[in-house]
Amino acid sequence: MPGIKRFQDETAVVTGAASGIGRATAIALAQQGANLVLADIQKDRLDVVAEQIRLLGRPCWPRVVDVSVPGDIENLARFVESEAGGATILFNNAGVAMAGEVVDTSLDDFRWIMGINFWGPLVGIKAFLPAMIQRKHGHIVSTASFMGLCPTPGTAAYSATKAAVIALSEALRQEVRQHNIGVTAICPGVINTSIVESSRYHEASGGASKESTVAFYRDRGWPPDRVAQAVIKAIRQNKGIVPVGPEAWAPWYIKRFSQSLYEWGTQLAWRRIRGD
């Protein structure tokens with residue numbers, strides 16, 4: 001049965017590793033004995049995380065990578081195979097956020113967020129999977145979101161990308177099981193990271209303001225370490241879909257029980273975030 005029980009000397013590739021969930025998970029994997037290849041567009045922050053991992057006594061290779069550029073990911077896969085022993089764990093974590101109602105969100109905005117949040121993981125899977133299949137060993141984790149399971153008002157573009165990641169992961173999980181490879185879609189709830197602050201916002205139709213959303217995530221969000229520990233557990237147990245936090249689990253269950261109750265709850269939460 002797929003599942004990596006011990007992380008000692010496994011080689012893990014983590015995208016979006018310079019901050020937030022990526023940083024926390026990279027450090028957690030290093031603490032478990034893994035070797036790390038860190039990818040991000042923020043070189044200065046990436047170098048800081050790499051040094052933290054080396055202080056834990058683990059080999060680490062930081063690489064500047066833009067996941068929206070397929071050539072960057074393909075070059076990363078070649079580097080890992082030739083210089084780091086080949087990836088046995090791939091954590092597709094790099095991503096961006098966007099808020100705004102569909103009527104206010106341009107097609108270019110939809111293309112931009114899909115290019116990073118969906119095409120990034122897809123190209124990563126295509127680049128690293130063949131070697132995992134050849135070795136018959138590995139695990140792929142992709143960061144989705146509870147909004148991919150339960151979309152909320154004002155998040156259509158973001159939620160669509162995360163729903164696509166979940167669907168991709170579920171199909172892939174069935175395809176590669178025979179090769180002893182596990183696949184997980186991690187679905188965090190409200191996590192206190194910088195992604196909300198760096199999001200694109202379209203507020204013309206009365207959605208939540210950026211300031212109120214940032215404050216909500218700062219005051220009520222779980223630390224990224226909570227997601228990191230969920231990733232470690234998911235790899236060990238080969239979990240398929242992993243909501244993180246009660247605010248992720250609850251609407252997922254409620255939606256399957258009652259669509260109308262789910263919609264009432266999301267409307268209530270949306271008004272609360274907006275400060276209505």
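Brief remarks follow.
- Within segment 1-31, the set of residues being surrounded by fewer than 18 Cβ atoms within 10 Å (Cβ to Cβ) and touching a residue at least 60 places away in the same chain (Cβ under 8 Å) comprises 1, 3, 5.
- Enumeration of residues in segment 2-56 that are under 17 Å from residue 66 (Cβ atoms) and of a type in the set (A, V, I, L, M, F, W, C): 13, 14, 17, 18, 37, 38, 39, 41, 46
- Test: residue in segment 78-92 that is buried (at least 22 other Cβ atoms within 10 Å of the Cβ), in contact with a Ser or Thr (Cβ under 7 Å, 6 or more places away or on another chain) and among the polar types (S, T, N, Q): yes
- For segment 39-63, residues that are under 18 Å from the mean Cα position of the chain (by Cα) and open to solvent by less than 90 Å² (accessible area, probe 1.4 Å) total 5.
- Scanning segment 131-174 for residues that are charged (D, E, K, R) and at negative phi yields 135, 162, 170, 173.
- Taking segment 150-260 as the region of interest, none of the helices (runs of 4 or more DSSP H) fully inside it holds 2 or more residues being modelled with pLDDT under 95, over 18 Å from the mean Cα position of the chain (by Cα) and surrounded by 20 or more Cβ atoms within 10 Å (Cβ to Cβ).
The values are calculated or read from the model by the stated rules, or taken from the named source; none is laboratory data. As the structure is a computational prediction, the values presented were derived from the model and not from experiment. Glycine gets a Cβ as well: all are built from the backbone with ideal geometry, and neighbour counts include every protein chain shown. For accessibility, only protein heavy atoms count, side chains too; no ligands or nucleic acids. Shrake-Rupley method; radii C 1.70, N 1.55, O 1.52, S 1.80 Å.
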